[in-house]
Every structure is written in structure tokens, then in C-alpha cells.
Amino acid sequence: MFIIPAIDIWQGKLVRLFQGSYQKPSFYPLTPLQAARKWREKGFKRLHIVDLEGARAGRPVEKELIIEAARQFQGEVEVGGGIRKEEEAKFYLENGISYVILGTKGLEKAFLVSLVEKFPHRIIVSLDISGKKIKVEGWEKEAEETLAETLSFLSSLPLQALIVTDIKRDGTMEGISGQTFLQVAKHTSLPLIVGGGVSSLQDINWIKEHLPEVKGVIVGKAMYEGDLLKEIKENG
């Protein structure tokens with residue numbers, strides 16, 4: 001199982017949001033490029049990058065910065081945030097990005113099917129969950145279909161993975177809500193990547209024990225604050 005450090009970018013800076021709120025950002029002294037180099041030097045194999053301005057604007061905003069961060073990292077990189085057109089996904093995939101993440105647009109069936117046909121196993125759909133609701137458009141609106149309906153459709157496609165983020169816990173460092181991930185795992189056979197609230201090695205070990213199908217855990221705030229990085233290093 002991968003531990004995947006997150007780099008969220010807002011106005012060119014490294015930031016974490018509290019519970020997905022753009023009104024509650026935490027800025028960090030590292031630049032996105034410095035963070036990418038740091039995670040490469042620490043031996044991580046995969047990186048999660050989100051263009052937060054892009055997610056809100058509905059179009060990629062930080063493309064060049066993200067491409068350079070991927071070059072600095074030199075490993076697998078998954079990128080999301082405002083990708084709503086085929087040419088935007090193609091740009092990333094042809095410029096060093098391993099996988100493209102679709103949030104809001106990933107719930108548009110015709111678009112997703114067409115994109116996956118062109119780029120099988122290189123598209124990730126991200127479901128940002130608050131309670132039993134899927135949040136879209138920068139976490140500011142709710143999707144029309146239920147979680148179960150959405151998972152049923154997505155499970156039929158050759159996606160690279162499905163990201164599930166518990167945004168009530170995201171950026172809080174309060175620990176994970178295991179039930180959120182368990183309810184998703186019951187309804188899909190897709191490889192899962194999970195995130196939201198991971199604060200300690202205990203959270204990661206719980207996921208390993210109860211959700212063996214999970215292939216990766218996205219960790220944001222806890223990688224920049226607290227002792228998680230030290231815990232990971234000490235425990236191999």
C-alpha cells in the first residue's frame with residue numbers, strides 16, 4: 001500500500017484546507033517544488049497534486065507549476081483540479097503526469113466513458129464525500145446521484161483507481177472515519193485510494209487491517225505537521 005503525500009496548490013503556494021473550506025487555508029513555508037523534492041528525497045513513490053484554484057474555476061490554473069513539480073518528484077504523479085476537457089487531460093498525460101484525477105467531470109457519464117476509452121487505466125475518479133453525499137465543484141455543491149448509484153456505474157469502467165476523500169475529516173488531523181471507507185469498499189471492486197483526516201500511523205494500520213483492497217492512502221496536513229513522517233520512517 002502506497003502512502004501518498006499531497007501537494008495542494010493555491011495561488012502558487014502550498015496549502016491545506018480545513019474540511020474543504022477555501023475560507024480556512026493553512027499555508028506552509030515550503031513551495032510546491034520544494035515539497036515535491038522533499039518527498040522524492042524521503043523515498044515516496046507517488047505524489048498527489050491538486051490545483052485548488054483550478055477546482056474552483058473549472059479549468060486548470062497551475063499547469064506549468066504542476067508539470068515542473070512532477071519533474072522534480074521523478075515518480076508517479078496523479079493530478080486533479082479543474083480538469084473538465086479532454087485536451088486538458090491529454091496535456092497532463094503527455095507531459096509527464098502518470099494519472100489524471102476527475103472530480104466533478106468524472107460524474108458526467110458520457111464524458112468519462114469517452115475519456116477512459118482513449119486513456120484506459122490512466123484516469124482516476126475522485127469522490128469527495130461528506131456524510132453520504134458526494135460533493136462537487138470545489139466541494140461547494142452536491143451531486144445528483146446517490147453514492148451507491150455512482151459506485152455502480154464507475155465499477156464498470158477500466159479506471160486506474162477510485163479516490164475517496166472524507167472531507168469532514170480532511171485537514172483536521174482528527175483521525176479517519178473508517179465507516180466512510182468501508183461503505184464505499186462494499187459497493188465497488190475498483191482499486192481504492194483513501195484520504196481525509198489521517199493523522200497517525202494508527203490510522204494507516206487500521207486501513208491496512210480492515211481495508212486490504214486499499215492501494216494507497218493520501219496524507220496531507222499530517223505530513224507537514226506532527227510526527228507522522230517520523231513514525232513512518234521509524235516503522236519502515
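Residues in segment 80-90 that are farther than 30 Å from Glu41 by Cα, assigned to a helix (DSSP H, G or I) and touching a Lys or Arg at 6+ places or on another chain (Cβ under 8 Å): Glu86 only.
Going by the conditions given, is Leu159 touching a strand residue (DSSP E or B) at 6+ places or on another chain (Cβ under 7 Å) and not in a strand (DSSP E or B)?
Values: touching a strand residue (DSSP E or B) at 6+ places or on another chain (Cβ under 7 Å): yes; not in a strand (DSSP E or B): yes.
Against the criterion (touching a strand residue (DSSP E or B) at 6+ places or on another chain (Cβ under 7 Å) and not in a strand (DSSP E or B)), Leu159 qualifies.
For segment 91-104, the candidate set comprises residues that are crowded, with 20+ Cβ neighbours inside 10 Å and part of a helix (DSSP H, G or I); within that set, the residue that is modelled with the highest pLDDT is Tyr92.
Can you go through Ser152, Ser114 and tell me which one is part of a helix (DSSP H, G or I), farther than 23 Å from Lys215 by Cα and in contact (Cβ under 8 Å) with a residue 12 or more places away in the chain?
After ruling out the rest, the residue left standing is Ser114.
For Val219, indicate whether it is at pLDDT 90 or above, surrounded by 18 or more Cβ atoms within 10 Å (Cβ to Cβ) and touching a helix residue (DSSP H, G or I) at 6+ places or on another chain (Cβ under 6 Å). Judged against the criteria, Val219 is not a match. Only one entry of Leu17, Leu30 meets the criterion of being at pLDDT below 90, more than 18 Å from Phe91 (Cα to Cα) and touching a Leu at 6+ places or on another chain (Cβ under 9 Å), and that entry is Leu17. What are the residues in segment 61-79 that are of a type outside the set (S, T, N, Q), outside any helix (DSSP H, G or I), farther than 20 Å from His121 by Cβ and without any contact (Cβ under 8 Å) to a residue 40 or more places away in the chain, if any? Passing the criteria: only Val61.
Looking at the structure I just gave you, is Leu112 surrounded by 16 or more Cβ atoms within 10 Å (Cβ to Cβ), at pLDDT below 95 and not small (Gly, Ala, Ser)? Criteria not met by Leu112.
The values are calculated or read from the model by the stated rules, or taken from the named source; none is laboratory data. The structure displayed is predicted, hence computed values, not measured ones. Glycine also receives a Cβ, built like all others from the backbone with ideal geometry; neighbour counts cover every protein chain displayed.
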